[in-house]
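Accompanying notes for the structure given below.
The values are calculated or read from the model by the stated rules, or taken from the named source; none is laboratory data. Every value quoted in this text rests on a predicted model; they were computed, and no experiment measured them. Note: ideal-geometry Cβ built from the backbone for every residue, glycine included; neighbour counts use all protein chains shown.
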């Protein structure tokens, strides 16, 4: 599966463009490990490798993560990270609750 399509890239705001919104910033895309409990929600992208958003794993953390890392990580059973094709955009506030 391709993690980022041209359609998704067009929807992702540039890095730092939602910084004034705080928790009202909207996550546009969701990535997840199908064989464990890790999820990444991207609110912004630099167009090359760096995302900003929410990472939900051992705990929920807001910060930066990289596309290159998502492509290289495997879950507990060796499955690659996937993009949730049915995810509807949500604010970080909604995702934190």
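Report, by residue number, each residue of the range 59-79 that is crowded, with 16+ Cβ neighbours inside 10 Å and at pLDDT 95 or above. Selection gives 62, 65, 67, 70. Being farther than 16 Å from residue 8 by Cβ, out of contact with any helix residue (DSSP H, G or I) (no Cβ under 8 Å at 6 or more places or on another chain) and modelled with pLDDT of 95 or more is the filter here; which residues of the range 40-58 pass it? Result: 55, single match.
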